[in-house]
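Heads up: the structure comes next, in structure tokens.
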Amino acid sequence: MSIGIFDSGYGGLTILKEIRKRLPEYDYIYLGDNARAPYGSRSFDIVYDFTLQAVKELFARGCHLVILACNTASAKALRSIQQNDLPAIDPARRVLGVIRPTVEALPSMSKSGHIGLFGTPGTVASHSYDMELTKMNPEMTLTEQACPMWVPLVENNEASSPGADYFVKKYIDMLLEADPSIDTVVLGCTHYPILMPKIREHVPAEINVVAQGNLVAESLADYLRRHPEMECRCEKNASIQYLTTESPEKFDALASLFIGEKVISSRVNLPN
Ligand code: DGL
């Protein structure tokens with residue numbers, strides 16, 4: 001069986017890239033729901049329905065372990081799927097998200113205990129990061145900033161254009177004005193690492209900017225170490241299969257930009 005990696009579109013490729021760097025031996029299936037992206041501004045119920053359909057598709061293709069490489073899906077659908085759906089579908093399968101592995105790494109990165117989060121409007125409205133962080137570290141504080149223009153900039157291949165600076169700087173200024181003690185900012189959306197060079201330009205040098213890919217990859221490696229019953233089910237041919245709900249030609253062109261290698265995908269229809 002392969003390890004399934006799901007995202008609303010392209011963003012999860014930034015996570016897949018780091019996972020494959022850390023765990024190159026496994027087989028992976030990447031599924032991007034590009035036809036219905038972005039998820040960031042969609043309601044809780046819709047994100048949950050779409051995510052569950054994608055998880056079922058990956059299960060049907062033989063994945064016993066699925067990573068929701070999308071913060072919006074992790075924030076809005078993960079808990080319900082884990083608690084309500086998995087026991088009925090197959091209690092031996094697992095669905096993991098990207099929020100907890102990110103939050104777990106923060107205490108060692110921040111001296112002030114003041115963390116900033118950039119995310120989609122959906123992730124910010126769910127307050128999932130705040131709940132996870134303060135549950136584990138009540139002394140730390142999180143200030144959240146929604147960045148509705150960042151995903152469109154990335155998806156339209158404008159991440160390095162001069163026009164991107166205005167919106168990159170705008171949300172950074174809003175966050176740092178809201179809490180000037182922030183010493184660590186989290187890119188809580190899998191699209192945002194593509195904007196990293198611009199974000200780094202506008203965030204003061206003494207503030208850490210944290211992308212999630214390597215944290216999620218490390219956490220998956222740790223999970224597989226702790227769960228040999230799952231690890232032994234994962235096939236190891238170092239293969240990767242890409243699926244998209246949009247046109248494969250369209251997906252392949254932009255996907256290679258995210259993952260830095262040639263991508264050949266196939267179209268999949270998710271049942272409603
Ligand atoms: N990749 C998604 C995330 O990490 C954001 C893209 C979207 O809005 O669909 O939240």
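Since every read-out is calculated from the coordinates, none of them should be taken as a lab result. Keep in mind it's a predicted model, so treat the numbers as computed, not measured. Virtual Cβ from ideal backbone geometry, glycine too; neighbours counted across all protein chains shown.
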Between Arg233 and Met149, 0.36 nm times their residue separation minus their Cα-Cα distance comes to what? 26.2 nm
The chain: relative contact order in percent, alpha carbon pairs under 8 Å with at least 6 residues between: 28
Which order do the peptides 29-35, 170-176 take when ranked by the mean count of other beta-carbon atoms within 10 Å per residue, highest first? 29-35, 170-176
Computed [θ] at 222 nm, deg cm²/dmol, the chain (DSSP H ≥ 4; -39,500 (n - 2.57); rounded to nearest 500): -12500 deg cm²/dmol
On the principal axes of its Cα set, how long, how wide and how thick is segment 106-155? Give whole Å, largest value first. 35, 20, 12
Whole-Hz couplings from phi, Karplus 6.51/-1.76/1.60, listed for segment 36-47; x for Gly and Pro: 10, 6, x, 8, x, 9, 8, 6, 3, 4, 5, 4
Per-selection Rg to Rh, segment 166-229 - Cα, Kirkwood hydrodynamic radius: 1.12
Cross-link table Lys17/Lys198; Lys170/Lys262; Lys111/Lys198, entries beyond 27 Å C-alpha to C-alpha: Lys170/Lys262
Rg and Dmax of the chain, Cα atoms, in Å? 17.7, 50
Using only alpha carbons, build the gyration tensor for segment 64-189 and give me the equivalent ellipsoid semi-axes, biggest first, whole Å. 28, 20, 11
Between Ser160 and Ser43, what's the calculated FRET efficiency when r is the beta-carbon distance and R0 is 51 Å? Round to 0.05. 0.95
How would you order 196-202, 107-113, 160-166 from highest to lowest mean count of nearby Cβ atoms within 10 Å? 196-202, 107-113, 160-166
Sorted by mean Cβ packing within 10 Å, highest first, what order do the peptides 10-18, 145-153, 120-128 take? 10-18, 120-128, 145-153
Please tell me the relative contact order of segment 166-272 in percent, rounded to the nearest whole number, where contacts are Cα pairs under 8 Å and at least six residues apart. 20
Under a point spin-label approximation (7 Å from Cα along Cα-to-Cβ), what is the Glu25-Ala205 distance to one decimal in nm? 4.2
Reduced Cα scattering model of segment 162-272, Debye log10 I(q)/I(0), q = 0.09, 0.10, 0.15 Å⁻¹: -0.41, -0.50, -0.94
Between Ile240 and residues 5 or more places away or on another chain, the pairs with built amide H atoms under 5 Å apart involve Tyr28
Lys169: which aspartates and glutamates have alpha carbons under 13 Å from its alpha carbon, excluding same-chain residues fewer than 8 sequence positions away? Glu177, Glu201
